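The structure under discussion appears below in the form of structure tokens.
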Amino acid sequence: MAQEDGKKIGTLSLILMIFTSLFGLANTTIAYDQMGYAAIIWYILGALLFFLPTGLMFAEYGSTFKSAKGGIYSWLEGSIGEKPAFIGTFIWLSGWIIWLVSEASRMWIPFATAFAGHDTTQTWHLFGLSSTQTIGLIAIVAILVITYFSSRGVDQFAKFTNFSGVFTLFLTAVFMLASLFLIIIHHGHLAQPFTASSLIHSPNPQFQSPVALLSFVSYAIFAYAGMETMSGVIDNVKDAEHTFPKALIIATLFILVIYSVGIFLWGISANWKHLLGKSTTNLGNVLFVLMNNLGYSIGIGLHLSNTAAISLGNWFGRLIGVEEFLSDTGALFVMIYSPLKSFILGTPKKFWPAKLTKLNKHGVPAYAMWIQAIIVDIVLFGVAFGGKNMKAFYTVLTDMGNVSNSLPYLFLIAAFPFFKAKKNLARPFVAYHSKKVVWAVTAVSWLTVLIGIIFTILDPIMTHDYSTAFWTIIGPIFFGSVAWIFYNYSQHHLQKA
């Protein structure tokens with residue numbers, strides 16, 4: 001027994017796994033761009049009202065259904081039944097499809113930055129197209145190319161994800177040390193003044209209204225999203241009943257501190273009005289703009305010439321550009337097939353034509369992947385050629401991703417009390433023992449997610465930006481409707497058969 005326990009995951013290892021799986025340096029830059037220092041409060045609320053309580057929920061789901069291969073479909077099906085499980089999981093898959101749309105578009109910013117030291121994509125023009133249309137066209141081709149190679153096996157791309165994970169931690173440390181060095185040579189002076197008011201009010205004119213402020217909840221939730229993927233390892237955790245909640249609480253505090261400190265540190269080098277209030281800065285390139293500016297600010301602080309300071313800034317940009325491009329490429333190669341495979345193989349085969357569930361010699365559902373690629377490219381074409389400028393283009397992609405990835409949590413959280421009410425389930429791990437606590441935690445977490453979704457949709461409507469509102473909500477509505485129609489059709493067809 002001691003030997004088996006020695007092979008299991010301990011507290012420190014689990015904390016590191018949670019951190020590396022969920023933390024993203026880019027989340028701090030997006031937060032600073034949207035809300036300035038005021039984002040810190042929302043990230044704290046996101047951790048307390050969403051990340052921590054739902055993480056324990058998903059741990060219970062994962063440990064109870066650890067032998068099931070359907071992932072979140074198995075969780076929902078075992079709690080609230082087949083139909084809502086199918087629809088909820090289909091919407092979960094749509095979130096990954098929207099993620100593919102977003103990443104296939106964003107990855108060219110780090111690619112350009114790796115060479116030039118700063119974002120040059122806004123000057124890209126092919127065949128007389130605008131820069132937005134050019135990026136969209138390149139992204140469409142990239143999805144087809146990546147689908148082709150991924151359908152032939154992706155084991156060789158695992159090194160990308162491993163290397164980029166270590167590189168991300170390294171660059172996070174570089175960013176923090178460089179920012180601390182800058183505040184020392186500036187004798188404590190901040191580029192963005194830090195006051196009590198700055199913790200409440202955003203410098204961004206687009207986040208002044210109550211509706212816009214509440215819409216930022218979805219950004220805070222997205223920064224912590226993905227905890228459901230960690231539940232699959234709970235049966236390998238040593239003394240899971242005590243280790244998992246302990247590790248989750250420590251990881252929550254650690255990630256929260258890193259996010260909060262990270263948002264604050266950007267204010268050392270970047271004045272929001274002078275740097276981020278420009279039309280050339282958007283949610284796609286803000287990470288690279290801020291990193292480039294950090295290097296430039298250090299150069300000026302060291303009394304280098306302006307040319308040398310610009311060069312230093314460009315090298316900071318190249319460094320983050322290489323890391324992000326490797327990370328995005330590795331993630332695309334894996335995520336273009338992994339969620340789809342989990343969904344296709346996890347749901348009952350009775351719903352699918354034989355072609356969709358058939359795996360090729362590499363163990364990949366190639367036919368289903370090509371259908372997915374066509375859907376992704378149709379969405380890419382619609383967004384890129386919809387008349388948006390670059391700034392609006394990336395805002396739409398971000399809002400689409402936030403809503404699409406947040407919506408499945410409504411299903412998972414709402415199903416939790418019904419999951420707890422099941423009497424015939426073996427529960428190796430239990431975090432919530434009281435029925436009142438279960439319903440209270442469910443209500444708070446569910447409303448937190450719902451508020452973020454509602455106000456993310458309402459915000460562009462209130463400003464009469466109906467195009468952004470349409471693209472923000474169309475993904476979940478479309479895929480949810482398709483799932484509902486497909487399920488009913490399949491049931492009808494099976495009954496007739």
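The table below lists the values:
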read-out	value
Options 76, 100; residue that is at pLDDT 85 or above, assigned to a helix (DSSP H, G or I), open to solvent by less than 10 Å² (accessible area, probe 1.4 Å) and closer than 30 Å to residue 285 by Cβ	100
Residue within the range 482-496 that is in a helix (DSSP H, G or I), of a type in the set (Lys, Arg) and either under 19 Å from residue 45 (Cα atoms) or at pLDDT below 80 (or both) present	yes
Any hit, the range 112-135, residues being within 23 Å of residue 243 (Cα to Cα), touching a Lys or Arg at 6+ places or on another chain (Cβ under 9 Å) and surrounded by 21 or more Cβ atoms within 10 Å (Cβ to Cβ)	no
Residue that is surrounded by the fewest Cβ atoms within 10 Å (Cβ to Cβ), among those in the range 344-381 that are in a helix (DSSP H, G or I) and of a type in the set (Ser, Thr, Tyr)	357
Subset of the range 197-213 (residues that are open to solvent by 90 Å² or more (accessible area, probe 1.4 Å), out of contact with any Ser or Thr (no Cβ under 8 Å at 6 or more places or on another chain) and either part of a loop (DSSP other than H, G, I, E, B) or under 14 Å from residue 42 (Cα atoms) (or both))	200, 201, 210
In the range 264-279, the residues that are under 14 Å from residue 179 (Cα atoms) and assigned to a helix (DSSP H, G or I)	264, 265, 266, 267, 268, 269
Residue count, the range 16-72 (criterion: at pLDDT below 85, part of a helix (DSSP H, G or I), more than 20 Å from the chain's Cα centre (by Cα) and of a type in the set (Ser, Thr, Tyr))	2
Count of the range 103-132 residues which are in contact (Cβ under 8 Å) with a residue 40 or more places away in the chain and in a helix (DSSP H, G or I)	16
Sole exception among (1) closer than 24 Å to residue 131 by Cβ; (2) of a type outside the set (Phe, Trp, Tyr); (3) assigned to a helix (DSSP H, G or I); (4) open to solvent by less than 50 Å² (accessible area, probe 1.4 Å) for residue 282, by number	(3)
Residues being at pLDDT 85 or above, under 27 Å from residue 65 (Cβ atoms) and open to solvent by less than 80 Å² (accessible area, probe 1.4 Å) - total across the range 428-465	15
Residue list for the range 319-343, restricted to those being of a type in the set (A, V, I, L, M) and assigned to a helix (DSSP H, G or I)	319, 320, 322, 326, 331, 332, 334, 335, 340
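The values are calculated or read from the model by the stated rules, or taken from the named source; none is laboratory data. It should be emphasised that the depicted structure is a prediction, and the values quoted were computed from it without experimental measurement. Here the Cβ is made from the backbone with ideal geometry for all residues, glycine too, and neighbour counts use every protein chain on show. We work out accessible area using only protein heavy atoms, side chains counted, and drop any ligands, DNA or RNA first. Shrake-Rupley method; radii C 1.70, N 1.55, O 1.52, S 1.80 Å.
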